[in-house]
Structures are given as C-alpha cells and as structure tokens.
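Notes follow once the structure below has been shown.
The values are calculated or read from the model by the stated rules, or taken from the named source; none is laboratory data. What you see is a predicted model; the values in this text were computed from it and never measured. Every residue, glycine among them, receives a Cβ derived from its backbone with ideal geometry; neighbour counts consider all protein chains shown. Remember, those area values only see protein heavy atoms, side chains included, never the ligands or the DNA or RNA. Shrake-Rupley method; radii C 1.70, N 1.55, O 1.52, S 1.80 Å.
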Amino acid sequence: MTITLNVNGKSHQVDAEADTPLLYVLRNDLDLHAAKYGCGLGQCGACTVMIDGKAALSCVTPLLVAQGREITTVEGLGTAENPGPIQKAFIEKQSAQCGYCIAGMMMSGAALLKHNPKPSDDDIRAALRTNLCRCGTHMRIMAAIKRASELMGQQAALPAAESNRSAG
Amino acid sequence: MDTFDKPDNTDIENSASEHSGPELTRRGLLMGTGALVVSFSTANAFAQTPAPAPAAPAAAPAKPPALPGSLDTDRYLDSWIRIDAQSKITVFTGKAELGQGIRTPLMQVAAEELYVDPKDIELITADTGRTPDEGFTAGSQSMQNSGTAIRNAAAQVRDLLIAQAATQWNLPADQLKVEKKRVIAPDGRSMGYGEVVVGQFLHVEAQPKSKLKTPDQFSVIGRDVQRVDIPGKVTGGVAYIQDLKMDGMVHARVVRPPSYSATLKNLDDTAIRKMPGVIEVVRDGNFLAVVTEKEYQAVKAMHALQLAAQWDEPAKLLDNANLSAELIGLETEVGTVAEAGTPAFPNGPTYEATFSRPYIMHGSIGPSCGIAVMKADGSLDVWSHTQGVFPDRDAIAQMLALPKPKVRVIHMEGSGCYGHNGADDAAADAALIATKVPGRPVRVQWMREQEHTWEPFGPGMVTKIKASVGADGMIDNWTYDLWSNSHGTRPGDAGSLLAGRHKSNPTPLKLPKININPNGNGDRNAIPLYAIPNQKILWHYVNQMPIRVSALRGLGAQPNVFSIESTMDELAMAAKTDPVEFRLKHMKDKRGYDVIKLAAEKFGWGKGTPARDHGVGFAFARYKNHAAYLAIAVELKVEPDTGRVRVIRCVSAIDSGQAVNPDGIRNQTEGGILQSLSWTLYEAVQFDKTRITSADWSSYPILRFASVPDTVEVHIIDRPGTPFLGTGEAAQGPTSAAIANAIRNATGKRITDLPLSRERVKTAIGA
Ligand code: FES
Ligand code: FES
C-alpha cells in the first residue's frame, strides 16, 4: 500500500507493507541510513528517531503509526558541510568510537534538548536510558549533549544580540 | 583492535626491528647475517615493534634484510604509497577500521614524513584486491605493524622524491626542502610530487633504514587530530557495511539451527516460496536462508522458515551452574608458560584462591552483515567487516571450492567488533547465498538474536593462585594455574565459518592446538610483571569447545590480570603495606613504575578515607607484558541493601610509547575502561544443556547510562621517539581488578568469580 510520510520536513510517498517497521522504510526506501538496525526489539536505541518531537524507536514503529506525523532523523539535524549544533558537539567532543550507536544517541539527545534546553547530568542519563553503546563512549556522549545544549543556547541568544545591535 | 595477530603469530617473534639496546645488538650479531646486524644496531631509527622476543633461529643466508613493521612482508614502497601525476597521495594499509579510529593515526604518520597535511592523504584499507596482506587487525598491533611500515615507507618516498629532483636540477639533495606536496630548490624552483613520480618510480624495494623525523621535528604526530570518520558518521553518511546499497541488490536472512549441533530433520518450504518478494529459499545441508526483493520481506520469510524447519537437537553443552568444575574436567594437556626458581610453600601460602570468568560476548551493537555478488565470470566479490580480509578470503574460497584469486574480500566498516565476532560468518553466509542467485548482490543482515547466540564468545576461564610473602614483605613464591580453551578460532580455514560447517559437505572446525608464545593467548598476561623469584605458571589446556569461542578483546589478559591483581591486594594486606606501595616495591620496570605512580597521584591515592560504603581499588598491567602500560584507580559505592555497585570515578595512566594521536588514545582507553566495567559487573553468557539462552539485551544485560561513572580520566605518558605500543586492550584487565579491589575495600569481602554481580556482592556481604 502507499503511505505518506513526513520526514525532515518533506513529504514522501512510500509503497510498502503496512506492518513494515519505519526503520526499514527510512533506510531502504528513503535512503536515510543514519538510523541503525541494532536489535529490532526496542532494546538498544540504535534506531532512535524523533516523532512529533519525542524520541521513538523506529524498529518497533509500524509504518501505519508513523503516517501523518512529523518524523526527524539525524539527516534532519544538519549535513557534513553544515552540521547542526548537536552534530557539531559530537564532532567537537570526538564522541564516537565505532559510532554505530551515535545516531540514536543524537536523536535521544535532540528530543531531550527540545523540551529541556539545560539538562542536568541525571536528565541526560535518564533520556539515554534505552540507548546502549558497546564501545564505552558514554562519557563523551554525555559531554556532547551538554555541549550541544550550550551551542543551542548561544544560537538562541545570537539573533537577540544582533537585533540589539541594529536597534542601537 | 584486539587480540592476537596471525594464528601462529610470527610477526613479533621473527621481527628484527626491535628496540635497539645492547642485548638486542648482541642478539643481532648472534643471528649471523651482516644485514641483520645492521638492522638491529640501527633499530632505534625506525623500530616500532616492541616485543622482547626470544632469539629467532639463525636466519638462512638468502634471507633478505628485515624491514620495519609490515614492510617486511610487503617490501615494495608502492604497495604502501602511491602518488599520481596530480600529486594525489594514496596510502594503503592491510589493517581495517574497526571502530578504534585507526585511520586517523595512520594518515598522521604518513603525513608527517611526507610533509603534508593528513587531509591530503587518501587511505585505502584492507582489500584483498588492492592492499598489502597484514593478517588480522588485532592485538593492538596496527600502529606497530602498519603504522611503522607506512611511516618508514613515507620517509623513504620523500627522500626518493628529493633525490630525484636533486638529480634533475643537479643540486645536492640536502639543499632541497619539501613543502605542500612540492620539492623546492633554494632558488625557488619547485616541482610537484606528482611531476617527480613517473611510471614505476616508487616500485622499488624499501630499505631497512629510513631517515625518520625526530620528535622535535614533528608537526602532525602527537597532535589531537580530529578523527576523519566522525563527521560522516554523525550526519548519516554511508559509513558502515550495513549502509551499502548496490544496483540489483537483494536481501537475505539466514535461519540458523536452534543450537550448535542441531541437524535439520524436516522442512516443507512450499508456503514460504509463495510469500511476497521471495526470490529463493536456500537449503544446503543444515544451512537455510531466504532471499527477497525487499528487506522486511526477508525478515518475515525468515520467521516463517524458522517455524517450518524441524531440527534434531542433542543436549551437548556444559553445566553453566558448575562451569569451573566443568572446564577443569575437560583439561587435555598442560603447558608451561613460565618457570623460575622453585616455588614452595612449606608454611602454607599467604594467599590462595580460585578465580573464574564466565563466557562473555563481543555484543557488537550492529549485528553482523555481509554482501557478496557472484559475477558472470564466476568470480566472487565480498564486502565484510572482518578483521582479516585475506584469511577470510582463503576460508570462503575453500568453502566454495573456488581458487583464491576468484574471491576478493573488501573491508567495509561495521560496528565496533572487539575481536572475532560474527563478521566473517556473515560474509560467508552472503558468499554461499550469492552462489545460488548469481549476478545479484546479496546482502545478509544478521538478526540480534543470531549475533547473540552464534558469535564466538570470549572463553570461560578458571585460574588458581597460591602465593607467599617472606619476612621482608616481598613476594617469594607464586604458582598460577589456568584452565582455558584457545582464544583463536579465526578464519583461514572453511571450518571456522558457520556456513562452512552447516552446508552440505561441511568442513568441521579444526580444534586449535596449545600454542605458548610471547604474545600469549589464554595465557596472555598470565605472568606477573612483578619481581617474584620463585614462580611457576601452567596452562591447563582445554581443547574441546562445547561453547563456540574465539578472540575477544585482550584474550586471557582480562581474567589473568583480574586474578593476579586481586591477589596482589591480598598479599599487600598480609604484608601490611599500602597496595600501591606494594606494587611499586615489586616493579622493576621503570615505565611500569611511572604509570603506577601517575595514576595514584592523579587519583589522590592514600589521601583521606573513603566515605561510608565507598571503596577504592587499584590495579596495573603491561598488556601482553610487552605492549602498553596501564594503571587505574577507581572509587565506587556499594549499596549495602541490594549489593548494587556504582563506580563513581576512574583515574588511569597509560604509556603506549610514542603517542601519535593523544585524543585517540584517551578515547580508546575510556572505552576500554567502560567496557571492562560492564564485563566485570554484569556480564555472563547464559545457556542450558542444549541452547545459548542469552539471546537479546534483556537476557544479556550490559552497562547502561544510569551506571556510568561520574568521571573517567586518562592520563598519557608520552614517550617521544620510542616504538608505538598500541592502546586498544590495555585497560581490560586492570579495570576488572581495580573494581574487585575497591569492592573488597568497601565491604571487606573478596569476590573471585566474575561477574561481580549484585547477587554475588549481596551474598558476600550477607545483606
Ligand atoms: S534497533 Fe531499535 S531499539 Fe534496537
Ligand atoms: S560508539 Fe560504538 S557502539 Fe557506541
């Protein structure tokens, strides 16, 4: 059947069986491979995306459920040439070893920062509770999310500063 | 990243490029040929191989001079470095990116000697069709072997470029300099590297000796160069084999037997063949797979095939509740790892204990994946995240009865592997299936439960220590017995591949033989680095492998260092000496001494008493006794009611020789510490008499963010101008022991069986 998906602000028609998990459609039909297959069981967070601003495990989200909702993947956060603040923070802190878990970490982090721009360490740990990393990159992942919160704060402050200048 | 190199590792033992030093020069002289003497006595100029290896047998007269690192086996400069007419520099390595971040430091060493920016270099990694054969990417040896080869090749290429330009300009070479990929004359004339290199210019054999830059000339080595692979990985680039797409690619899923020795009894696949998208149902002996157009169709067909297949399943596994006794009962022979003096305990040992480690998993976050295509000319291309493209190629060729040149294996990164996981098997699955659907690239993705139940685990081990401390407070006697399988069942042979064992006309697994060498295997780090006059260390070899095992990060080093360093604390207590002081008193190796000192100092060891229910612990090891030195102190808290342990802070010090990319060393060491913390507190593969029952992350729990320490510090002792010692596995053993020692400190109880689980801690403290 044909289903309409709204991913990273664009609308896509996909032809797939309705029980197909969103993850497979993102990766194979839409060529968005940031979200990873890690377990297919909702246990590891490698497939995390944002649906309507909340972290969601795309490996256990059937296509039908995703239909008509706003889906964001890592590709929607920025590009290699023009990375968004979360991506910048992960690069700056060199927060990857193999990096396989990192897209999921960034999306859990993005969902957290959306609702809680200044998270505490405990908030970050809680937001990442379903995300597993086998390489032991945890310290740097937490540091990157903290850093992303700073960068986003600066970004938010920037237009205000500019408008002050032009006013003055 | 991990584990020992070639199965019968020879690259360290036979390498002539060692540290220079009086004894080594003498050893060189003893070895005979003039060339070898030269290479030994000038070794410090280029040596990057650290092993204090036994003298090799006298070299045959015809043997060519030894070359630095892996240049010794691939001797032509253009196997490693090529420069095209546009001065584009390509560097080739037989090593693979396994999540350890090896690409960046390899580019750094090449860039350093060629006087270019690391960004100017394209690095091609392991590919049987293009790169040198460097065996496995393992044993933390990529920098020693490949880094050394590339650095020396780069220096020689640079000097050839200068010499060639000097001839053309008729100027003395020492008046020329190189900069920005150009050779420059004093009068300002210049030539691009690409203009100098014509035809086969770089197709020359490398020399034993290179003019390497000295540490004071470094501009790239020793710098925190950002990893080249991270921007792509954080923006959704095609970074992993799992992301590869090819024209006409089809998707496959295998259906494995439900247990190791199950055999297929019955299968009616008629209904499955009619499912949407199904192209083929593969049945070859006990090997089953489905091939479909779209990926999720393969998952559904796989589930249907699982239900349709009926198996005979014998109950052949060990009794997991009684693992230590089971392993000891399987002993087949005893090998002597080390012997000195005559250990004796006339008054009984000061401390005696039995330690154990369960089977543990690599547990890569991305399950294994392989892609293969059978081409019209009957040749096969295979993409794999294997640690060894050449051995994997050999095994696949044997399995399919194809000549080796017909099979090409190309490395493509997977998720972090930490040793021999399912990568080679997934490649073999893809290869076998590809022969059934020729012309179409076949992508096989393992499911989570397949990775969990079929990967080769890190072997379960048992160790027994007896030790005594003399009146002078020094250890005088030490015996150590360990029971273990071999930790190496890597490819090279079709029997190492699941598909090779499951298909019709199967190749059985060749049981490895006991092999005691300086790299160590089950006996890796079984010899304490401390000065102990009387000692005897035995490996009770277990050749049967009822549970599938192979190389996992550090091999035997983790259980051995856990046992030794737990014992060191008990002996220190008996000697009424502070455990750090006690280690220092027994440490004759200056660099070992320095890392112990630094970790203790940065931690604030001995300053203040830990808070209530808190404990501190310390441990040290030199990985393989000839690679990186690492010491670590931890502070943790034990919840008395539940037995739950929370590690609060870790402070480590590491000496990996010349540090090429310090941040890379920190990153890998932090990772090693956290992974070992996870092994130590949580992990044990579960199985009943028939099946592996740890089939997902709920039945095999690992470290989660809630339990991650507040801080993890890594302090590097840089040793400019000394050989690269590798980094990846140094933390595995010491971290485990430091945690055990801190639990002992907090609770007064010594727990000797891994994991140090909540239940065990609770039982130990009688809560
Ligand atoms: S892949 Fe979705 S939670 Fe693991
Ligand atoms: S960086 Fe490898 S799994 Fe997290």
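What pairs can you find where one residue is in region B:424-448 and closer than 21 Å to B:Ser496 by Cα and within 14 Å of another protein chain (Cβ to nearest Cβ), the other is of a type in the set (Asp, Glu) and more than 16 Å from ligand 1 (Cβ to nearest atom), and their Cβ atoms are less than 7 Å apart, with a gap of 6+ or different chains?
Note: pairs meeting the criteria are B:Val444/B:Asp429.
Please go through region A:10-46 and give me each residue that is more than 7 Å from chain B (Cβ to nearest Cβ) and assigned to a helix (DSSP H, G or I), ordered by number.
Those that are more than 7 Å from chain B (Cβ to nearest Cβ) and assigned to a helix (DSSP H, G or I): A:Leu22, A:Leu23, A:Val25, A:Leu26, A:Arg27, A:Asp29.
Any chance you could count how many residues in region B:457-498 are of a type in the set (A, V, I, L, M, F, W, C), touching a strand residue (DSSP E or B) at 6+ places or on another chain (Cβ under 8 Å) and over 14 Å from B:Arg548 (Cβ atoms)?
Final tally of qualifying residues: 9.
How many of the residues making up region B:89-127 are closer than 14 Å to B:Val389 by Cβ and of a type in the set (A, V, I, L, M)?
4
Answer yes or no as to whether B:Gly378 is away from chain A (no Cβ under 14 Å) and assigned to a loop (DSSP other than H, G, I, E, B).
Spelling it out, B:Gly378 is indeed away from chain A (no Cβ under 14 Å) and assigned to a loop (DSSP other than H, G, I, E, B).
For region B:134-144, check the following and say yes or no: at least one residue is within 14 Å of another protein chain (Cβ to nearest Cβ), of a type outside the set (Gly, Ala, Ser) and under 16 Å from the mean Cα position of the chain (by Cα).
yes
Tell me whether region A:12-23 contains one or more residues that are open to solvent by 10 Å² or more (accessible area, probe 1.4 Å) and within 16 Å of ligand 2 (Cβ to nearest atom).
no
Please go through region B:228-252 and give me each residue that is crowded, with 23+ Cβ neighbours inside 10 Å and assigned to a loop (DSSP other than H, G, I, E, B), ordered by number.
B:Val234, B:Thr235, B:Gly236, B:Ala239
Looking at (1) open to solvent by 10 Å² or more (accessible area, probe 1.4 Å); (2) part of a strand (DSSP E or B), can you tell me which one B:Gly439 breaks?
Going through the list (1) open to solvent by 10 Å² or more (accessible area, probe 1.4 Å); (2) part of a strand (DSSP E or B), B:Gly439 breaks only (2).
Residue check: is B:Phe136 in a loop (DSSP other than H, G, I, E, B) and crowded, with 22+ Cβ neighbours inside 10 Å?
So B:Phe136 passes the test.
Would you point out which residue out of A:Val7, A:Val49, A:Val74 is touching a strand residue (DSSP E or B) at 6+ places or on another chain (Cβ under 7 Å), away from ligand 1 (no atom under 14 Å from the Cβ) and touching a residue at least 12 places away in the same chain (Cβ under 8 Å)?
A:Val7
Name the residues in region B:398-431 that are part of a helix (DSSP H, G or I) and surrounded by 24 or more Cβ atoms within 10 Å (Cβ to Cβ), would you?
Answer for region B:398-431, where residues must be part of a helix (DSSP H, G or I) and surrounded by 24 or more Cβ atoms within 10 Å (Cβ to Cβ): B:Met399, B:Ala423, B:Asp424, B:Asp425, B:Ala426, B:Ala427, B:Ala428, B:Asp429, B:Ala430, B:Ala431.
All but one of (1) charged (D, E, K, R); (2) more than 14 Å from chain A (Cβ to nearest Cβ); (3) under 25 Å from B:Arg548 (Cα atoms) hold for B:Arg273; which doesn't?
In the conditions (1) charged (D, E, K, R); (2) more than 14 Å from chain A (Cβ to nearest Cβ); (3) under 25 Å from B:Arg548 (Cα atoms), B:Arg273 misses (3) alone.
Show the residue pairs meeting these rules: Cβ distance below 8 Å; 6+ apart or different chains; first residue within region B:699-711 and assigned to a loop (DSSP other than H, G, I, E, B); second residue among the acidic types (Asp, Glu) and open to solvent by less than 10 Å² (accessible area, probe 1.4 Å).
Listed by first residue and then by second, the contacts come to B:Tyr700/B:Glu683; B:Pro701/B:Glu683; B:Ile702/B:Glu683.
Does region A:36-57 contain at least one residue that is open to solvent by 10 Å² or more (accessible area, probe 1.4 Å), closer than 24 Å to B:Thr104 by Cα, away from ligand 2 (no atom under 14 Å from the Cβ) and aliphatic (A, V, I, L, M)?
no
Restricted to region A:109-139, and to residues that are more than 18 Å from B:Gly366 (Cα to Cα) and in contact (Cβ under 8 Å) with a residue 60 or more places away in the chain, which residue is nearest to the chain's Cα centre (by Cα)?
A:Ala110
Of the residues that make up region A:79-95, is at least one within 16 Å of A:Ile3 (Cα to Cα), at pLDDT 95 or above, over 12 Å from the mean Cα position of the chain (by Cα) and surrounded by fewer than 21 Cβ atoms within 10 Å (Cβ to Cβ)?
No: zero hits.
Looking only at region B:681-695, decide whether some residue is within 14 Å of chain A (Cβ to nearest Cβ), in contact with a Ser or Thr (Cβ under 6 Å, 6 or more places away or on another chain) and of a type in the set (Val, Ile, Thr).
no
Being within 14 Å of chain A (Cβ to nearest Cβ) and open to solvent by 10 Å² or more (accessible area, probe 1.4 Å) narrows it down to one of B:Thr752, B:Thr711, so name that one.
None of the others qualify; the one that does is B:Thr711.
Tally up the residues in region B:307-330 that are touching a strand residue (DSSP E or B) at 6+ places or on another chain (Cβ under 9 Å) and open to solvent by 70 Å² or more (accessible area, probe 1.4 Å), please.
2
Show the residue pairs meeting these rules: Cβ distance below 7 Å; 6+ apart or different chains; first residue within region B:338-351 and surrounded by 13 or more Cβ atoms within 10 Å (Cβ to Cβ); second residue of a type in the set (Ser, Thr, Tyr).
That search, which allows pairs on different chains as well, returns B:Pro343/B:Thr479; B:Phe345/B:Ser468; B:Pro349/B:Ser468; B:Thr350/B:Ser468; B:Tyr351/B:Thr567.
Could you check A:Glu150 against (1) open to solvent by 60 Å² or more (accessible area, probe 1.4 Å); (2) closer than 25 Å to B:Ile673 by Cα and say which number it fails?
(2)
Give me a count of the residues in region B:77-88 that are surrounded by 24 or more Cβ atoms within 10 Å (Cβ to Cβ) and touching a Gly at 6+ places or on another chain (Cβ under 9 Å).
Residues flagged as surrounded by 24 or more Cβ atoms within 10 Å (Cβ to Cβ) and touching a Gly at 6+ places or on another chain (Cβ under 9 Å) within region B:77-88 amount to 0.
Give the residues of region B:660-718 that are among the polar types (S, T, N, Q) and within 25 Å of B:Ala599 (Cβ to Cβ), sorted by residue number.
Once the filter is applied, which keeps residues that are among the polar types (S, T, N, Q) and within 25 Å of B:Ala599 (Cβ to Cβ), region B:660-718 yields B:Asn661, B:Asn667, B:Gln668, B:Thr669, B:Gln675, B:Ser676, B:Ser678, B:Thr680, B:Ser707, B:Thr711.
Just one of A:Val60, A:Val25 is within 11 Å of ligand 1 (Cβ to nearest atom) and more than 15 Å from the chain's Cα centre (by Cα); which is it?
A:Val60
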